[in-house]
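The values are calculated or read from the model by the stated rules, or taken from the named source; none is laboratory data. These numbers come from a predicted model, not from an experiment. Here the Cβ is made from the backbone with ideal geometry for all residues, glycine too, and neighbour counts use every protein chain on show. Just so you know, the surface numbers come from the protein's heavy atoms only, side chains and all, with ligands and any DNA or RNA stripped out. Shrake-Rupley method; radii C 1.70, N 1.55, O 1.52, S 1.80 Å.
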Amino acid sequence: MSSSAAAALPQIIQGGMGVGVSNWVLAGRVAACGQLGVVSGTAVERVLACRLQAGDPDGAMRRALAAFPDQAVASRILNAWFRPEGLPAPGEYKPVPLFSQTPSRALLELTVCGSFVEVWLAKQQAQDGGAVGINLLEKIRLPTLPTLYGALLAGVDAVLMGAGIPREIPAHITRLSAHEASSLRIPVEGGDTVESRFDPADLLTVKPTITRPAFLAVISSDVLAVSLARSGGIDGFIVEGPTAGGHNAPPRGGAADAKGTPIYGPRDVPDLKRIAALNLPFWLAGGKATHEAFREALATGAHGVQIGTAFAFCEESGMIPEVRAMARSQPGGAPVVTDGRASPTGFPFKVVAAAGSEGGRDPDLRERRTCTLGYLREAYAREDQTVGWRCPSEPVEQWSAKGGDPTAATGRRCVCNGLMATIGHPHANRDGSLELPLITAGDDLVGIDRFGKRYHADEVIDLVLGRVTHAVV
Ligand SMILES: Cc1cc2nc3c(=O)[nH]c(=O)nc-3n(C[C@H](O)[C@H](O)[C@H](O)COP(=O)(O)O)c2cc1C
């Protein structure tokens with residue numbers, strides 16, 4: 001898709017929200033309303049494996065797998081993961097292998113199917129409506145190529161990527177759209193880089209026609225926009241401010257208060273005129289779920305807005321109702337903290353300090369020392385020059401034994417496990433307790449009551465487009 005085709009994308013983008021908050025139900029509903037629904041591409045293989053083990057009660061996973069282009073692959077997935085009787089006990093999921101530089105064929109198949117299922121179901125629900133995109137995080141590199149490939153097989157219309165500088169991704173999309181092998185460079189701390197190679201021909205015997213999707217980069221500065229536009233292959237930008245949910249870009253200069261909360265200043269405000277001059281469509285994100293904010297965005301030359309929080313709390317969201325209720329247990333929602341330490345990525349992360357959730361725990365207990373899912377592990381060079389994997393959220397002794405700087409581990413939490421719990425797949429710990437949900441939301445949570453206690457994605461869209469002046473309460 002060219003940037004002119006990207007300009008044909010809708011005015012409202014429902015932002016990608018991992019893990020599984022922007023699932024196929026939400027993205028499909030938004031797309032059916034004529035806007036861009038975006039599924040999260042993070043941990044798609046684990047989400048599929050969990051849903052199948054939970055018995056796939058509505059049959060959606062099996063319906064989508066029945067449409068997968070290579071049925072031998074689909075039946076291997078079902079044999080390995082589908083449990084018609086559901087879980088033996090809450091949180092008792094069979095472990096999904098962690099990604100490494102050389103993942104097994106079984107893990108690659110699960111990942112390709114994971115993103116295929118999500119995009120295929122959203123597109124089915126959208127029918128002739130709007131478009132469906134997939135969101136990936138640049139920081140989580142190992143699963144990127146198989147995740148992209150599964151989405152391409154399902155006919156994804158747009159790929160959106162943030163949390164890093166996605167300079168190489170457009171070329172990978174081009175190659176994978178032609179079913180060609182591709183290699184992603186993985187940076188190695190204290191070393192060079194290693195390659196993670198993915199060849200569709202190793203997995204599939206068929207090559208269905210793929211239409212190349214648009215590629216939109218999620219950025220927060222005009223400097224990065226200019227630099228990415230020069231590199232080519234970018235069809236548009238999401239310009240995200242520091243009030244947005246999920247991970248935020250760190251402030252320029254790294255300013256923070258005594259508690260480690262990032263301090264943003266005028267230097268963090270992107271020059272939108274400079275971005276507009278690039279002649280690529282752009283959408284503004286962060287507190288844009290009102291008609292006034294939408295109109296202001298258009299007045300800057302933006303094509304539209306990307307919205308997260310308002311969609312995260314609607315009925316179609318993958319965030320389970322109990323967790324949504326925790327975050328909304330008081331008027332205006334629980335406080336939202338920009339935590340400069342929580343995420344092992346090193347990026348500031350918005351955490352909802354809601355009772356019953358990870359963010360509401362006693363500050364002295366807040367560090368979560370575990371790394372069982374491993375998405376945010378980084379590669380490091382061992383003394384013998386082989387590549388090892390470590391996460392600042394793993395137990396400090398373990399992290400230090402791998403050469404990690406103990407101060408870099410302070411205050412970290414296991415974001416991966418917390419986010420799985422948020423969508424109803426908490427893993428059981430050894431002592432039988434279940435992982436607590438970790439809720440992320442933007443500062444816009446404070447205004448969430450304008451939509452009433454229960455509302456649908458359509459109502460967010462109607463309000464933003466000015467079709468109604470008040471949400472129906
Ligand atoms: C629950 C939640 C999870 C999110 N996860 C991601 C993500 O995985 N990738 C991403 O690029 N942005 C993520 N975001 C950011 C949204 O895509 C969107 O840009 C942002 O929420 C817009 O600001 P708003 O929350 O004020 O509407 C997330 C936001 C929320 C609320």
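Here the condition is being away from the ligand (no atom under 12 Å from the Cβ) and either modelled with pLDDT under 95 or farther than 22 Å from Glu435 by Cα (or both); of Ala334, Ala342, it holds for Ala342 alone.
No other residue among Ala285, Ala277, Ala258 is open to solvent by 40 Å² or more (accessible area, probe 1.4 Å), closer than 13 Å to Phe237 by Cβ and either within 16 Å of the ligand (Cβ to nearest atom) or over 26 Å from the mean Cα position of the chain (by Cα) (or both) apart from Ala277.
Within the stretch 415-437, does at least one residue satisfy the condition of being out of contact with any strand residue (DSSP E or B) (no Cβ under 9 Å at 6 or more places or on another chain), free of Cβ contacts under 8 Å to residues at least 24 places away in the same chain and either within 15 Å of the ligand (Cβ to nearest atom) or outside any loop (DSSP other than H, G, I, E, B) (or both)? No, the stretch 415-437 contains no residue that is out of contact with any strand residue (DSSP E or B) (no Cβ under 9 Å at 6 or more places or on another chain), free of Cβ contacts under 8 Å to residues at least 24 places away in the same chain and either within 15 Å of the ligand (Cβ to nearest atom) or outside any loop (DSSP other than H, G, I, E, B) (or both).
The sole residue among Ala354, Ala342 that is crowded, with 22+ Cβ neighbours inside 10 Å and either out of contact with any Gly (no Cβ under 6 Å at 6 or more places or on another chain) or aromatic (Phe, Trp, Tyr) (or both) is Ala342.
Selection of the stretch 290-322 for residues being of a type in the set (Gly, Ala, Ser) and either touching an Asp or Glu at 6+ places or on another chain (Cβ under 6 Å) or more than 18 Å from Asp444 (Cα to Cα) (or both) yields Ala299, Gly301, Ala302, Gly318. Among the numbered conditions (1) small (Gly, Ala, Ser); (2) open to solvent by 70 Å² or more (accessible area, probe 1.4 Å); (3) not in a helix (DSSP H, G or I), the only one that Gly253 does not meet is (3). Under the condition of being assigned to a helix (DSSP H, G or I) and either more than 16 Å from the ligand (Cβ to nearest atom) or open to solvent by 10 Å² or more (accessible area, probe 1.4 Å) (or both), the residues counted in the stretch 13-43 number 5. Would you be able to say whether some residue in the stretch 133-150 is within 28 Å of Cys33 (Cβ to Cβ), in contact with a strand residue (DSSP E or B) (Cβ under 6 Å, 6 or more places away or on another chain) and more than 13 Å from the ligand (Cβ to nearest atom)? No, the stretch 133-150 contains no residue that is within 28 Å of Cys33 (Cβ to Cβ), in contact with a strand residue (DSSP E or B) (Cβ under 6 Å, 6 or more places away or on another chain) and more than 13 Å from the ligand (Cβ to nearest atom). Which of the residues that make up the stretch 159-199 are among the aliphatic types (A, V, I, L, M), in a loop (DSSP other than H, G, I, E, B) and buried (at least 19 other Cβ atoms within 10 Å of the Cβ)? Within the stretch 159-199, just Ala163 meets the criteria. Can you say whether Ala106 is buried (at least 22 other Cβ atoms within 10 Å of the Cβ), away from the ligand (no atom under 16 Å from the Cβ) and among the small types (Gly, Ala, Ser), as far as the supplied structure shows? So Ala106 does not fit the description; no. Contact annotation: residue pairs with Cβ atoms under 9 Å, 6 or more positions apart or on different chains, pairing a residue in the stretch 276-296 that is within 13 Å of Ile12 (Cβ to Cβ) and in a helix (DSSP H, G or I) with a partner that is within 14 Å of the ligand (Cβ to nearest atom) and of a type in the set (Gly, Ala, Ser), are Ala293/Gly287; Phe294/Gly304.
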